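J.: This is the structure, below, for whatever I ask next.
The values are calculated or read from the model by the stated rules, or taken from the named source; none is laboratory data. These numbers were taken from a predicted model, which means no experiment stands behind them. When we count neighbours, we look across all protein chains shown, and the Cβ atoms used for this are built from the backbone with ideal geometry, even at glycine.
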Amino acid sequence: MIITHRRIRKLRAFGRGLLRETKRFVLDNNLDPLPIRRGLSHYSTWKLRHDFKAGINVALLAFPQGMAYAVIAGLPIHYGITCSAIAAMVAPLLSSSRHTILGPTNATAFMIFSYFAVYPHPNKLELMPLLVFMVGIFLVLGAYFRVAELIQYVSRSVVVGYITGAAVLIMVNQLPALMGVDVGGVPVPGEEASSARTFFSVLRDAVDRADETDWRTVVLALGTAGVYFVLHRRFRTLPVFALTLVVMTGVAAGLSRTAFGEVATFDSFHLADLIPAVPRFSERGMLFDISQLFAVAFSVAFLASLENSVMSKTLASRSGDRPDVNQDMLSVGLANLSTAFLSGMPASGSLTRSALNYASGAVSQLSSIISGFLCAAGALLLGPTIGYVPKCCLAILVICIALSLINVRHIRTSLLATRSDAVVLMTTFLAALLTPLNVAIFLGVGTSIALYLRKASRPHLVEYGFNEEGDLAESRPESRQNPSISIVHVEGELFFGAAELFRTQIQRTCTDPNLRIVILRMRNARHLDATSVIALEDLVEFLRSKGRDLIISGATKAVYRVLRNSGFIEILGRENLFMYSPRNPNISTRNALIRARELLGTETAEVRIYYDPTKETKD
């Protein structure tokens, strides 16, 4: 009974400690439930004029871009428009950035298309609310656990390779719409794929059907590209994307009454089509759907957080703001939770619309809310007119957007900077063409981490000895004053990636048959873990099997803590461990040498330590 009560008390103490840590973690999160109130404090009509102007400019770009990104994702047109409206209205309430505009983006839209292209599903539209909901949950949890700060460790070469690969995929998948042919596997909103599609399969099918090309769609597409580039070059301040689409829709409508004839257009939508489609949590098979969508939902959440972080930091460098990446991640998460219940697609931070918002003079988050309301009004008023928009015109505008994503300077920098950057870029780019994008981005991240660990896992080992002046200096095995003792200075990381190399290098040092004692100076050894401790244990066992001994000198408090907690000190022997002393950096090595001579059974040879307190000395 006494043992039972003790266990109960321990469990209660453990529970109370866990609750305290959880409470402390929550309080330290620094997530603001309504940061927009700071931006609206001391608001004025002058600020409202600037926000309203910026909101109109952003809405004129967000509305047609929402249509384009819905086409990229293989979804009905109104999914992109709804996402542009809802995300732009919800996200600013919780965002720390004044200029962030959320909505559908190229990368997230194509990741959705890429997944369903490789894994076709008969009920894709029914799965979209659940997918977007899962993306929102991942992002909210990520903000709660402050994982957004880890995004900075993603190599820029991964981002460049991913965006370049996605841009190439976007352009290739718009070829059938430009050609006016129905190629199997081409994303058509509302229709499902009959088989898995890849970059090469779609390109091959398009080439095979080249003789069926409709010259009218090609003419309209070329005309659209011409109008877009002329307007973009001469009237940069105007909403070029929207103007081009309106002009070419009117041209196509006029030509349809002539001998030119009609070309394929999108299906219009009405208010009834905007009825919210909520995730069906009560249906049987929901757990199976969740397991099927888990990987792509996590990938979209990761990509959305990455895009939003890069975008907010880019704008902050211009505006002087200091964005909170975890707060912004929370805003993206709640925006996705909102669009999940309102027939939307995944939302992320848009660099083009956010940059336009900043350039238009936005001074608060209200500009995003205004643009969202205007997109919603446009969806209600202009839905029936979408049926006049030619597919080929929107397809060529999508290609124009994709071309703008390819940054030649960034590609050249990544290819020429280091060999590792080049490998990461090419791996991510090729993976984007050959695998689903949710696989490609993590393959690129994994490659960059593996190459970094390969660089970091090379500890620097230098053998030292005492010269005639009594100073510790780098030496060679044949020049040791005492051939039985080797002093090895360890410099660098000793985490799991470096442990095996560290042990191998030490064992190579021990090949000298005259060697009896190895002194490891670990003042500058960092980040020991279980793998490195096990490597040290193996080293002790190896040396003792050869009749030799290991002594550690200059152990810092961090090193000592790891060795003590792991039980290594009992294996080594407390008498063979000497701590680092800031007052005299060489004293631990002196004591280690005295211990070495005790082990050797020699009491001669005075140990001289030269220490100049005016100079910084490593130990």
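J.: Among the candidates Ala377, Ala395, Ala362, Ala355, single out the residue that is out of contact with any Gly (no Cβ under 7 Å at 6 or more places or on another chain) and without any contact (Cβ under 8 Å) to a residue 40 or more places away in the chain.
T.: Sole residue among the options that is out of contact with any Gly (no Cβ under 7 Å at 6 or more places or on another chain) and without any contact (Cβ under 8 Å) to a residue 40 or more places away in the chain: Ala377.
J.: Here is a follow-up. Would you please list the contacts, defined by Cβ atoms under 6 Å and residues six or more apart or on different chains, that run from a residue in segment 120-133 that is under 14 Å from Ser343 (Cα atoms) to a residue that is of a type in the set (Val, Ile, Thr) and assigned to a helix (DSSP H, G or I)?
T.: Val132/Thr339
J.: Among the residues of segment 571-586 satisfying the criterion of being more than 43 Å from the chain's Cα centre (by Cα) and surrounded by fewer than 19 Cβ atoms within 10 Å (Cβ to Cβ), which is farthest from Gly547 (Cα to Cα)?
T.: Per the stated criteria, the residue is Arg583.
J.: Restricting to segment 333-365, name every residue that is touching a Pro at 6+ places or on another chain (Cβ under 7 Å) and hydrophobic (A, V, I, L, M, F, W, C).
T.: If the condition is that a residue be touching a Pro at 6+ places or on another chain (Cβ under 7 Å) and hydrophobic (A, V, I, L, M, F, W, C), then Ala340, Phe341, Leu342, Met345, Ala347 are the ones that fit.
For every residue, the table says whether it meets (1) buried (at least 24 other Cβ atoms within 10 Å of the Cβ); (2) under 28 Å from Pro436 (Cα atoms).
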position: Pro35; (1), (2): no, no
position: His42; (1), (2): no, no
position: Thr45; (1), (2): no, no
position: Leu48; (1), (2): no, no
position: Asp51; (1), (2): yes, no
position: Ile56; (1), (2): no, no
position: Leu93; (1), (2): no, no
position: Phe110; (1), (2): yes, yes
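J.: Tally the residues that are touching a helix residue (DSSP H, G or I) at 6+ places or on another chain (Cβ under 6 Å) and buried (at least 24 other Cβ atoms within 10 Å of the Cβ), restricting the search to segment 117-133.
T.: 2
J.: Being without any contact (Cβ under 8 Å) to a residue 60 or more places away in the chain and in a loop (DSSP other than H, G, I, E, B) is the filter here, so list the residues in segment 196-246 that pass it.
T.: If the condition is that a residue be without any contact (Cβ under 8 Å) to a residue 60 or more places away in the chain and in a loop (DSSP other than H, G, I, E, B), then Arg209, Thr213, Asp214, Phe235, Arg236, Thr237, Leu238 are the ones that fit.
J.: Further, regarding this structure: Only one of these conditions is not met by Arg523: (1) more than 34 Å from the chain's Cα centre (by Cα); (2) outside any strand (DSSP E or B); (3) farther than 21 Å from Leu600 by Cβ. Which number is it?
T.: It fails just one condition, (2).
J.: Now for a different question. Pull up segment 311-333, narrow it to residues that are small (Gly, Ala, Ser) and in a helix (DSSP H, G or I), then point me to the one that is farthest from Ala301 (Cα to Cα).
T.: Ser319
J.: Consider segment 383-394. How many of its residues are within 18 Å of Phe110 (Cα to Cα) and buried (at least 24 other Cβ atoms within 10 Å of the Cβ)?
T.: Total satisfying the criteria: 1.
J.: Sticking with this structure for a sec: Quick check, is Ser299 within 17 Å of Leu130 (Cβ to Cβ), at pLDDT 80 or above and within 13 Å of the chain's Cα centre (by Cα)?
T.: It is true that Ser299 is within 17 Å of Leu130 (Cβ to Cβ), at pLDDT 80 or above and within 13 Å of the chain's Cα centre (by Cα).
J.: Surrounded by fewer than 21 Cβ atoms within 10 Å (Cβ to Cβ), aliphatic (A, V, I, L, M) and in the same structural domain as Pro120 (by TED's automatic domain parsing), is that true of Leu437?
T.: It is false that Leu437 is surrounded by fewer than 21 Cβ atoms within 10 Å (Cβ to Cβ), aliphatic (A, V, I, L, M) and in the same structural domain as Pro120 (by TED's automatic domain parsing).
J.: Quick one: how many residues across segment 502-523 are within 20 Å of Ser566 (Cα to Cα), touching a strand residue (DSSP E or B) at 6+ places or on another chain (Cβ under 9 Å) and of a type outside the set (A, V, I, L, M)?
T.: Residues in segment 502-523 being within 20 Å of Ser566 (Cα to Cα), touching a strand residue (DSSP E or B) at 6+ places or on another chain (Cβ under 9 Å) and of a type outside the set (A, V, I, L, M): 3 in total.
J.: Assess whether Leu593 counts as being under 30 Å from Leu451 (Cβ atoms), hydrophobic (A, V, I, L, M, F, W, C) and over 38 Å from the mean Cα position of the chain (by Cα).
T.: no
J.: Ok, one more. Among the listed residues Ile86, Ile77, Ile56, Ile72, identify the single one that is at pLDDT below 85 and among the β-branched types (Val, Ile, Thr).
T.: Ile72
J.: Could you check segment 212-224 and list, in sequence order, the residues that are out of contact with any Cys (no Cβ under 7 Å at 6 or more places or on another chain) and aliphatic (A, V, I, L, M)?
T.: Across segment 212-224, the qualifying residues are Val218, Val219, Leu222.
J.: Determine, yes or no, whether Gly554 is in contact (Cβ under 8 Å) with a residue 60 or more places away in the chain and either not assigned by TED's automatic domain parsing to the domain that holds Val490 or not in a helix (DSSP H, G or I) (or both).
T.: Yes: the conditions hold for Gly554.
J.: For segment 388-437, enumerate the residues that are hydrophobic (A, V, I, L, M, F, W, C) and in contact with an Asp or Glu (Cβ under 8 Å, 6 or more places away or on another chain).
T.: Across segment 388-437, the qualifying residue is only Leu415.
J.: Got a sec? Which of Arg216, Arg204, Arg209 is basic (Lys, Arg) and within 33 Å of the chain's Cα centre (by Cα)?
T.: Checking each option against the conditions leaves just Arg204.
J.: Consider Ile411 carefully, then state whether it is surrounded by fewer than 21 Cβ atoms within 10 Å (Cβ to Cβ), farther than 23 Å from Phe298 by Cβ and of a type in the set (A, V, I, L, M, F, W, C).
T.: It is true that Ile411 is surrounded by fewer than 21 Cβ atoms within 10 Å (Cβ to Cβ), farther than 23 Å from Phe298 by Cβ and of a type in the set (A, V, I, L, M, F, W, C).
J.: In addition: Go through segment 334-365 and give me each residue that's assigned to a helix (DSSP H, G or I) and among the hydrophobic types (A, V, I, L, M, F, W, C).
T.: Leu334, Ala335, Leu337, Ala340, Leu351, Ala355, Leu356, Ala359
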